[in-house]
């Protein structure tokens, strides 16, 4: 598929190859290599956005199905629905297979360097029993980011002009997925007419192949878009030694590419597959000529006739999926404990579907809520009855951690309790934790074990106590703080005017960690990219020598702070931070 006019996508791939080659020739630092980690993160975010749209489209399929049911389950409409819906499900299954292949290769590549699996999440198809990889761990955790031997040997081998089959298989799998999806899109019967599409091997023959596709509507444009998005060229023209050279696709992608760059390229392939699947699903959905049932939300519901039982009793739990229109206010009437009350005595409520009825100030015992909800059935509003049983129970107790869901070792963990039915309560550490009271709360200090247990007792007005249970919590070390320089956090970039405006550094938690802990800087070392030597010092203030070195840093360079900090407990620890001159 080499030669001819290059598409914008092919030009972009060629440009990525040139940039990567230039970076490798310059023996760039790991800070530059990690830019590919950021690219990979952005690609993952894009992929998740695409998948959200695909999930929404499958929800629209169910809306179409309900619309058909609402019109009387016409056999022809049902047959058409099943035809296109089955195409969508098969396309989804093939998507899982190709994404699994891509991520398996990426996992094996990383595993060869890190000596451990990099799989973060899998999906099991309940119908076939197949299990697919759908997500890998963050590339931020990779130690050998700049290892380029593994991708080269794994996908190319010793001769870039003749890459090994494993590298060729990646492209072949994308092409096979392209051919399958576009054939499913273009092949069907409509009335007395039959249409079909066979994907050509070369993009130059696409327009000729599209002549057998339904000329009405958007079929040709939709197939053309998916075909082009998944058309990975066999060879790509790159500039080498002052002339254009046609290189095999795997060699352009993986020859001397650092592991994180190769992983980002594989993630880009995954996003291409997800995008093509989403476009195909939307195409299949558009072929179903049926009104949509009026709902835009689907929520799982679990409910029973009672919401309170005693120990030893059983409960009948029903689980269902509710679909409703969140944009249309519902009409609701309800009353409590007396089903014989007349309309003039009813409490009335109007609001959006899903709003809560606040049932409060009820005495102990069993209660029943009777109600009617207005439902539009075949264009006519009808009142549908419902009931709900609930019980107001006896006192109970619980323990909660308002700041976190674990106990941190070396930290003053704030713990509160609640003992319904008692004027006060008492907490006690029963396993691997000591407690001391601080105002209305307690401070928990866990020991060296992995779990800790806290018990709660209700205290009556006469001073007697009743045990209300014990609660086990996980114990973990405190998270490491982030280094901050003036108003900048680790990883930030800023103009030189901002960088030289402050000589104060600190170790502290960012806003997303809701812990209140104090850290102090013991010593520091400043490394400026390109500077002849590093500057060292002690305390939380950068010396004039350090600031002078920083002021000489050119735009685009990195400034690294290597610090030793002291926390509330334990020995001093090391923490690095980097800042970019913009």
Original post:
Taking the Cα atoms of the stretch 30-175, what is the range of coordinates along each of the three principal axes, in descending order and whole Å?
Top reply: 63, 32, 26
Subject >> Contour minus Cα-Cα distance for residue 90 and residue 548 (0.36 nm per residue) >> reply: 158.5 nm
**OP:** Estimate the FRET efficiency between residue 245 and residue 504 by the formula 1/(1 + (r/R0)^6), using the beta-carbon distance for r and 56 Å for R0, to the nearest 0.05.
**Re:** 0.55
Subject >> Protection proxy ranking, peptides 104-111, 506-513, average beta carbon neighbours within 10 Å, highest first >> reply: 104-111, 506-513
**OP:** With a Förster radius of 56 Å, plug the Cβ-Cβ distance of residue 389 and residue 448 into 1/(1 + (r/R0)^6) and report the FRET value to the nearest 0.05.
**Re:** 0.70
Original post:
Order of 243-254, 190-201, 521-532 by packing, highest average Cβ count within 10 Å first?
Top reply: 243-254, 521-532, 190-201
Original post:
Listing 367, 100 from the residue with the fewest other Cβ atoms within 10 Å to the one with the most, what is the order?
Top reply: 367, 100
**OP:** Measure out, as a whole number of angstrom, how far apart the alpha-carbon centroids of the stretch 141-157 and the stretch 206-222 sit.
**Re:** 42 Å
Subject >> Simple label model, 7 Å out from Cα along Cβ direction - residue 83 to residue 172, nm >> reply: 3.4 nm
Subject >> Net lengthening on full extension, residue 381/residue 289 (0.36 nm per residue, minus Cα-Cα) >> reply: 30.6 nm
Original post:
For the residues 426, 87, what sequence is obtained by ranking on other C-beta atoms within 10 Å, fewest first?
Top reply: 426, 87
Original post:
At a Förster radius of 30 Å, what calculated FRET efficiency corresponds to the Cβ-Cβ distance of residue 534 and residue 115, to the nearest 0.05?
Top reply: 0.40
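None of the figures in this text is laboratory data; all of them are computed from the coordinates on show. Since the structure is predicted, the reported quantities are computational estimates derived from the model, not experimental observations. Cβ atoms come from the backbone with ideal geometry, glycine included; neighbour counts cover every protein chain shown.
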